[in-house]
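Asks: Just dropping this structure here.
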Amino acid sequence: MRSCFGLIFAFVLWASCAFGQDSAPISTSTSTPAAKPATQVSPSVDLKPVDLKPDATGAVPPEQIRELMLRAEEKELQNEKQERDYTYIEREEDHKLDGHGGVKQIESRTSEILEIYGEQVERLTAKDDKPLSAGEAKKEDDKIQKIIDKRKNESEDDRRKRLEHEEKSREEDRKFVLEIADAFNFRLIGSEVLDGRDTWVLEGEPRPGYEPRNRGAKMLSKFKGRVWIDKSEAQWMKLDIGAIDTISVGFVLARIHKGTRVLVEVTKVNDEVWLPKHVQFHLDARVALFKSYDEDVELTFHDYKKFRTDTRITVIGEQP
């Protein structure tokens, strides 16, 4: 699973991947204060609680939001590393809607998420809550075995390139996160208890006239919403955002319509790491003139199990 306070804006990033949007940085000018360069994020960031101090109108200064985002991103980097010690079950349920908003078809997929040679791998285990056929199960096992063989025989040069690509992806995540503080005006609207934990509740709206510095942040001006952040750990726990305008995506004629919405929640596991619990979004989009998407999608994550990092996964047919 891709980490990022970008999972906070999971739908924005999902849309970028789904429709092929390039996330390379672009050069633009801006009159708002610049965020601290992402390269300055380091494990030494102080993760003590952030005491937000809004003004009389409830607005929170960008500097405080930026500090909070920095700490939240650092938490996400820690979570990403620790997540590799866990397997879990992911279930996706897709409600396809008709022209009147009624459900015309329901599909579901259940998968086991494994970690193999440092790579997160999905093994499909059920469709529509029914176990796979023998042929389908073998196909999934063969897929896993192929990944094992590939990693086992990976050259040093290929490994270096793969790790460089992963680090580049994480760097883009950091840039995206740091831009959030400048792209939105945030107001502290109160506190709320989630899962027994005290959280700040922040409401964000696009900052008028803001020019993004990163291409991946261009769509931020099309969203508004709320984020719940744990007071004691500077960890985001919940996000609820919606599209306030139509969004053109990628190099194809794709549009995400106003009203598209995403809800994301995470939970603390084993009192050591924050991992996804629930993702829900409504997608209303059209790709060129050929295909429309009007559906509600819900993902749930459960049965987190920690395993030793030196555990070897043996696939059917392989001698232990």
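The values are calculated or read from the model by the stated rules, or taken from the named source; none is laboratory data. Since the structure is predicted, the reported quantities are computational estimates derived from the model, not experimental observations. Positions of Cβ are backbone-derived with ideal geometry, glycine not excepted, and every protein chain shown enters the neighbour counts.
Asks: Pick from Ser232, Ser221: which is at pLDDT 80 or above, in contact with a strand residue (DSSP E or B) (Cβ under 6 Å, 6 or more places away or on another chain) and hydroxyl-bearing (Ser, Thr, Tyr)?
Replies: Ser221
Asks: Could you tell me which residue of region 85-116 is farthest from Leu275 (Cα to Cα), considering only residues that are loosely packed, with under 14 Cβ neighbours inside 10 Å and within 25 Å of the chain's Cα centre (by Cα)?
Replies: Checking each candidate, the answer is Ile106.
Asks: I would also like to ask the following. Can you tell me how many residues in region 171-211 are surrounded by fewer than 21 Cβ atoms within 10 Å (Cβ to Cβ) and of a type in the set (Ser, Thr, Tyr)?
Replies: 2
Asks: Further, regarding this structure: Filter region 256-268 down to the residues that are surrounded by 18 or more Cβ atoms within 10 Å (Cβ to Cβ) and more than 18 Å from Glu73 (Cα to Cα), then identify the one that is modelled with the highest pLDDT.
Replies: Leu263
Asks: Here's another thing I want to ask about it. Residues that are within 16 Å of the chain's Cα centre (by Cα), β-branched (Val, Ile, Thr) and at pLDDT below 90: does region 180-202 have at least one?
Replies: Within region 180-202, one or more residues are within 16 Å of the chain's Cα centre (by Cα), β-branched (Val, Ile, Thr) and at pLDDT below 90.
Asks: Please name all residue pairs, on different chains or six or more residues apart, with Cβ atoms under 8 Å, provided the first residue is in region 58-79 and is at pLDDT below 80 and the second residue is among the basic types (Lys, Arg) and part of a helix (DSSP H, G or I).
Replies: Correct list of pairs: Glu73/Arg174; Leu77/Arg170.
Asks: Further question on the same structure: If a residue must be within 17 Å of Asp230 (Cα to Cα) and in contact (Cβ under 8 Å) with a residue 24 or more places away in the chain, how many such residues does region 182-203 contain?
Replies: 14
Asks: Return the total of residues in region 161-175 being farther than 16 Å from Arg71 by Cβ and in contact with a Phe, Trp or Tyr (Cβ under 9 Å, 6 or more places away or on another chain).
Replies: Residues in region 161-175 being farther than 16 Å from Arg71 by Cβ and in contact with a Phe, Trp or Tyr (Cβ under 9 Å, 6 or more places away or on another chain): 0 in total.
Asks: Same structure again: Give me the pairs: first residue in region 160-181 and under 21 Å from Gly118 (Cα atoms) and part of a helix (DSSP H, G or I), second residue of a type in the set (Phe, Trp, Tyr) and at pLDDT below 75, beta-carbon distance under 7 Å, and six or more apart or on different chains, which are they?
Replies: none
Asks: Sticking with this one: Here's a check for you: in region 56-74, which residue that is of a type outside the set (Val, Ile, Thr) and under 9 Å from Phe186 (Cα atoms) is surrounded by the most Cβ atoms within 10 Å (Cβ to Cβ)?
Replies: Out of the qualifying residues, it is Pro62.
Asks: Go through the residues of region 205-219 one by one and say whether even a single one is closer than 21 Å to Trp274 by Cβ and without any contact (Cβ under 8 Å) to a residue 24 or more places away in the chain.
Replies: No.
Asks: Could I ask something else about it? What about Glu140, is it farther than 28 Å from Met219 by Cα and part of a helix (DSSP H, G or I)?
Replies: yes
Asks: Let me ask you something else. For region 203-234, enumerate the residues that are aromatic (Phe, Trp, Tyr) and over 17 Å from the mean Cα position of the chain (by Cα).
Replies: Result: Tyr210, single match.
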